[in-house]
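Reviewing the structure listed below.
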C-alpha cells in the first residue's frame with residue numbers, strides 16, 4: 001500500500017472551477033435523490049472514498065448520521081476540518097460493526113480495487129456492514145465507453161467496471177439490484193446518448209498527438225472528463241440476510 005500521507009496528493013490539490021463545482025453539486029444532488037427513492041434519513045450512512053466531502057455535506061444536511069472511510073491522510077484532514085466523522089482506513093475491510101449501517105455509499109471506488117478478489121471482498125464487506133434491508137449505492141465508470149481513458153484518467157484504476165460485470169458482482173455478493181442508471185453528469189436517456197455521440201469526436205485517432213503539439217492536452221483531458229460516463233447501481237441487502 002502507498003503511504004497514506006502522500007496517497008492521492010494529486011487529487012487533493014485539484015481545485016474545481018466555478019462551473020466544475022456547480023456541475024459536481026448537481027451530480028451529487030441527483031445521486032442523493034436517487035438514494036432517497038429507496039431509503040431516507042434519519043439513518044446511518046458510511047461513505048467509502050468521500051474525496052473532499054462535498055457529498056458528505058449534502059448527506060448530513062439531509063439528516064443522515066454520516067461516517068467517512070478515507071485512506072488519504074491529506075483528505076482525512078480536509079474532512080475533519082469540515083467537522084465530519086472520519087475513520088482513516090483502507091477498504092476493504094470496511095471498519096464498522098456488523099449490521100451497523102443503513103447505507104454504504106461508494107462513488108467511483110470499485111474500479112480502484114486491485115482485482116477480482118478485492119472487489120469481491122469489498123462487496124462482501126458492504127453486505128456485512130449493512131443492516132438487513134440496507135442499501136449499497138455504487139457508482140463506477142463504464143469501461144466499454146471510456147476504453148483507454150479509463151486507464152489514463154487515474155493511475156489507481158485497476159478493476160475493469162462494466163454494467164454486466166458489476167451486476168454479476170452484486171448478485172454473487174448476495175444483493176438485490178433495485179436500479180441501474182447510465183449517465184454522463186446528470187444526463188440520462190437520449191440526452192446521455194447525444195453526449196456519448198459527441199464524445200466520439202474527443203477520441204478521434206491522432207487527437208492526442210495534435211493536442212501535444214498544440215499544447216492543449218489539459219483542455220482535451222477536461223473535455224473527456226466532462227463526457228465521462230458512469231453507471232449507478234442501487235442494491236439492497238435482503239431483509240432475511
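Could you tell me whether region 124-136 includes any residue that is under 26 Å from residue 96 (Cβ atoms), in a helix (DSSP H, G or I) and under 15 Å from the mean Cα position of the chain (by Cα)? Yes, because at least one residue in region 124-136 is under 26 Å from residue 96 (Cβ atoms), in a helix (DSSP H, G or I) and under 15 Å from the mean Cα position of the chain (by Cα). From the list 158, 208, the one residue that fits, being in a loop (DSSP other than H, G, I, E, B) and either in contact with a strand residue (DSSP E or B) (Cβ under 9 Å, 6 or more places away or on another chain) or farther than 19 Å from residue 24 by Cα (or both), is 158.
Among residues belonging to region 90-109 that are farther than 23 Å from residue 57 by Cβ and in contact with a helix residue (DSSP H, G or I) (Cβ under 8 Å, 6 or more places away or on another chain), point out the one that is surrounded by the most Cβ atoms within 10 Å (Cβ to Cβ). In this case the residue turns out to be 92.
Of the residues in region 184-203, none is farther than 18 Å from residue 27 by Cβ and under 19 Å from the mean Cα position of the chain (by Cα).
As a summary of the residue check, residue 162 satisfies the conditions (1) surrounded by 18 or more Cβ atoms within 10 Å (Cβ to Cβ); (2) in contact with a helix residue (DSSP H, G or I) (Cβ under 6 Å, 6 or more places away or on another chain); (3) over 18 Å from residue 94 (Cβ atoms) except for the one numbered (1). Candidates are the residues of region 120-146 that are out of contact with any helix residue (DSSP H, G or I) (no Cβ under 7 Å at 6 or more places or on another chain) and without any contact (Cβ under 8 Å) to a residue 40 or more places away in the chain; the one that is nearest to residue 228 (Cα to Cα) is 144. Among residues of region 184-197 that are at negative phi and free of Cβ contacts under 8 Å to residues at least 40 places away in the same chain, those with a Cβ under 7 angstrom from a residue that is surrounded by 13 or more Cβ atoms within 10 Å (Cβ to Cβ) and assigned to a helix (DSSP H, G or I), sequence gap 6+ or separate chain, pair up as 187/195.
The numbers here are math on the coordinates, done by the rules we state, and not lab data. None of the values given here were measured: they were computed from a predicted structure. Cβ: placed from backbone, ideal geometry, glycine included. Neighbour counts: every protein chain shown.
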